[in-house]
Amino acid sequence: MLLLLLSQWLTTSEIKRLTGARVYENKVVYRGKVARYVHDNAVKYGGNIFPLEKRWKGKKLYVRADQLAPILLHMGGKWFWDSEKKRFFKGKPNIRFVMGRTSDGDKYVVTVKAASPNFKVKEDPDSIVIDVKGLYGKFWRIVGDGNFVSIVKVIQKRKSTRFVVHLGPGANGYKVSRDGNTLRVVISKLTPKKASRVTVVIDPGHGGRDAGAVGNGYKEKDINLAVALKVARILRSKGYRVILTRTKDEYVSLYARARMANRSGAHLFVSIHCNASRDRNASGMETYFLSESRTSQERAVAILENSAIKYDIGYVQPDEPVGAIIGDLLQNLLLEQSYNLALSIHRAALKMALTRDRGVRQAGFYVLKWVMMPSVLVELGFITNRKEAKKLASPSYQRRLARAIASGIERYIKQQGGK
Ligand SMILES: [Zn+2]
């Protein structure tokens, strides 16, 4: 609780007292204007979708003040959130941030115009950190084109603004130049390894020292790999480009899997897993797409799958920029596509009458949070159920599962207008 109070999480009554804005479970009301929740963690106002995470603690509803401030600014307020001092302050934006593709589409330009020429820039291979005096306040995160720039994180302080520009999977490199009060970052394109073909990442869950769920003498990692290899074979035979995050029994961190996917410029990501339950009778297939879990059972599955993180050395915390950023990108923009992909795979499996229908569900998987494309996680069945575990381990059943998953993927690609 103390942690919540010291951080950017504020109760709705604190927010009302400090800013006059009223935040409800389903909307934000400010100056007679309304921003409505469109997803679990995002509101829509004036054609923009803003992340606005909320959390119940007992009877109190908490929301992220740093995310709320830019929304209030759009609704006619003057509120900024000081991410250092953790408090609201009033101000006037005086920084312009613009980005876009050059007319030939070959380059992408990020322009920051400030009141003063005092830029501080840190250049990293995957990101550019720009510190500048003045206030921006307009957005907490700016979504890029998904190719050159994945996302820009904006950290607002009392007197300065930090922009963290994260390069996308299509960026090759960049050059920073300054001209008085204007700073420009010109990002060049990745040489076209970029797929003209539809590219699918198949991600066999776990591997190596991380066995995943274990039950009835079977290890999840082995079943995941066997099915994934079969899915890949089918998709390749249909002309799709397939990237497997592992092809043998080896350990690959969740972050490395996501990065592999992001770097490849793939169009969709399917992670393959087996479920486990204390209830030995639990059986059936579930297809997940990313979001905060809504039921305790969904949360249990997310915890189970996320526990692979403990094997990761040097993994990126979900609270660190990359994890959090991609999470928001996905939640705000790719959620619907991910849902459609999940539905398509799930329907194909049901049509083949493979398994008991446990539905399409939402949960917060790290691996899905980090990929910047429509992504789902398929739980093939329960390794803890004796009958189902035996089935899952049999090559003929694995082939049927693989066919169902591949046909669901293909149906989705065709829906999206792919070949
Ligand atoms: Zn798993």
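Bear in mind these aren't lab numbers, they're just calculated from the coordinates by the rules spelled out. Computed from a predicted model, the values in this text were never measured in an experiment. All Cβ positions, glycine included, derive from the backbone under ideal geometry; neighbour counts span all protein chains shown.
Below is a table of values for the structure above.
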quantity: log₁₀ of I(q)/I(0) at q = 0.12 Å⁻¹ - the stretch 2-80, Debye sum with one point per alpha carbon; calculated: -0.28
quantity: Spin-label pair TYR24/LYS60, simplified geometry with 7 Å Cα→Cβ offset, distance in nm; calculated: 2.2
quantity: Spin-label proximity, ARG280 to the stretch 197-234 - amide N less than 12 Å from point 7 Å beyond Cα toward beta carbon; calculated: 216
quantity: Footprinting exposure proxy for GLU220, GLU123 (fewest neighbouring C-beta atoms within 10 Å first); calculated: GLU123, GLU220
quantity: FRET efficiency for ASP106 and LYS351, using Cβ-Cβ distance with R0 set to 51 Å, rounded to 0.05; calculated: 0.70
quantity: Filter on LYS78/LYS107; LYS248/LYS390; LYS54/LYS85 - keep pairs with C-alpha separation over 26 Å; calculated: LYS78/LYS107
quantity: Theoretical FRET efficiency, 1/(1+(r/R0)^6), r = Cβ-Cβ of LYS159 and ARG209, R0 60 Å, to 0.05; calculated: 0.80
quantity: Sparse-neighbour loop sites [trypsin sites (Lys or Arg not before Pro); the stretch 50-147; at most 10 other C-beta within 10 Å; DSSP]; calculated: LYS59, LYS85
